[in-house]
Amino acid sequence: MAERDVVFKVLRYKQGETVPHYDTFTVKTDENTTALVALQAIRRDDDPSLTLRHSCHHGSCGTCGMRINGEEQLSCVVNVQELGTPTVVVEPLQNAPLVSDLVVDMAPFFDRYTQPEMPYVRQSEFMPEADVPDGIGHYTRYENCLECGLCVSACPVMGSDASYLGPAAMAAAWRVVAEPRGSDPEFALNWADNEHGCWRCHVAYECTEVCPSDVNPAEAIMSLRGELTKRKFRRVFGLGK
Amino acid sequence: MQEYRTTRDGVRGERPLQAWFDVRKRNLGSWAFAINRLTGMGLIVYLVLHLIVLSTLLQGEQGWDKFLEIARSPFFLAFDIVLIFGILFHGLNGIRVALIGMGIGAKNHRSLFWVLMFIGAVLLVVSAWKVFTI
Ligand code: SF4
Ligand code: SF4
């Protein structure tokens, strides 16, 4: 693929404005240009006031999530030319308060996400057969969730219930139930057990579709429901917890 | 730190109807979700209409007969098919949501959708045939 000019239509919003608008920029791209690199080029060459979040540039920090052509994606791993559209529409994540341009306030997300107190490091299940060097008991790795918020942006229920706990936080709650590692599964279960929690989900599975890191929040929510249902039945029939 | 004021995303936030029904670039689950809401609302409207229509019985036999005449017109019968579609979709998708919610078929939610929709389509064709031939 050769060099090509691609038009970027970017949502803009600054403090004090009542409604956002779109600005268009033309960016020279080659076969390796990612959406994030293109946006940084706009910032460098056309408009230094364009604000966006990013860190690692390789899909592991979860900070560069945005909507590209209407789909929630990590902009650092989206190849612009492979999108195949003459214009690329870039918008901030939905269901989060907008701060400036492509930057949304992630505080409501993290407020919920940290509630179940999921330990972030877990034992790696990928290499059970691997030779562990002397003195090391087992390999560990980080939890899958990048805290990118793509799932929250894509969830239709999140859009109509501002108090909904949301897919990522409930996936974290299920991880605590499935593998407590010192956290309190009872708390996590009770926390998700309400009309803004796991029962609010309407099985659209959009969270799982957009998740870039195989967290599968929809299935985690269904697992929470399954566990809660089991416990309620046991309680009704006097079988203990 | 300087205080900043946030706003909702002007494109979609705080527009719940758009959040439910804007299925552009979305996947099967969102389509099922949106159609489920639409049919749900449609069925509520139908229920109200149904009660209003039943109230014509209060006007005695004449009023009711007049209504039956209209109800047998092809336009009204076509409306019945739309109604049956709404009932079938909402009911069958509801079964899917309930099953998945209990952890049954969560891994195969797409196949579950299509199997139920196939059953729905067969029932819809049979009902349409009955509606127009009885
Ligand atoms: S499965 Fe539930 S949490 Fe996930 S997008 Fe759908 S409604 Fe939202
Ligand atoms: S669950 Fe997936 S989409 Fe949601 S915040 Fe975590 S990594 Fe992102």
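No lab work stands behind these numbers, since they all come straight from the coordinates. Please read these numbers as outputs of a predicted model, since none were measured by experiment. As a convention, Cβ positions derive from the backbone with ideal geometry for all residues, glycine included, and neighbour counts pool all protein chains shown.
Quick one: check the C-alpha center-to-center distance for segment A:85-155 versus segment A:1-41, whole angstrom.
25
With just the Cα atoms of segment A:65-215, tell me how far they stretch along each of the three principal axes, in Å, largest first.
Reported extents, whole Å, longest axis first: 55, 40, 27.
Using a Förster distance of 41 Å, how high is the FRET efficiency between A:ARG44 and A:ARG141, based on the Cβ-Cβ distance and rounded to 0.05?
Details: r = 35 Å, r/R0 = 0.86.
Calculated transfer efficiency: 0.70.
Efficiency by 1/(1 + (r/R0)^6): what FRET value for B:ASN108 and A:ALA178, r their Cβ-Cβ distance, R0 = 25 Å, to the nearest 0.05? Working shown, then result.
Working: r = 20 Å, r/R0 = 0.82.
Working from the Cβ atoms, E equals 0.75.
Please determine, in degrees from 0 to 90 and to the nearest 10, the orientation of helix B:28-54 with respect to the longest principal axis defined by the Cα atoms of chain B, where the helix direction is its Cα long axis.
With both axes taken from Cα atoms, the answer is about 40 degrees.
Using 7 Å Cα-to-Cβ label points, what is the A:SER163/B:VAL126 separation (nm, one decimal)?
For the pair A:SER163/B:VAL126, the computed spacing is 4.4 nm.
Please list, ordered by chain and number, the residues whose modelled amide H lies under 5 Å from the amide H of A:VAL88; skip anything fewer than 5 residues away on the same chain.
A:VAL7, A:PHE8, A:LYS9
I need the per residue convex hull volume for segment B:29-133, using only the alpha carbons, in cubic angstrom as a whole number. Mind showing how you got there, number by number?
Values: hull volume 10.9 nm³, N = 105.
In segment B:29-133, the Cα convex hull volume per residue is 104 Å³.
For labels at A:LYS232 and B:PHE21 in the simple 7 Å Cα→Cβ model, what's the distance in nm?
With each label point 7 Å from Cα toward Cβ, the separation is 3.1 nm.
Would you be so kind as to identify which of A:GLN40, A:THR24, A:GLY70 lies farthest towards the positive end of the dipole of segment A:4-104, taking Lys and Arg as +1 and Asp and Glu as -1 on Cβ and the Cα centre as origin?
So the residue we want is A:GLN40.
Across the protein assembly as shown, how many lysine pairs, 8 or more apart or on two chains, come within less than 20 Å at their alpha-carbon atoms? Numbers along the way, then the final one.
Working: A:LYS9/A:LYS28; A:LYS9/B:LYS25; A:LYS230/A:LYS241; A:LYS230/B:LYS107; A:LYS232/A:LYS241.
Count of close lysine pairs: 5.
Considering all projection directions equally, how large on average is the shadow of the alpha-carbon convex hull of the protein assembly as shown, in square nanometres? Working shown, then result.
Numbers: hull surface 116.3 nm².
Quarter of the Cα hull surface area: 29.1 nm².
Take every Cα pair under 8 Å in segment B:29-133 that's 6+ residues apart, average their separations, divide by the length, and report that relative contact order as a whole percent.
RCO, segment B:29-133: 31 percent.
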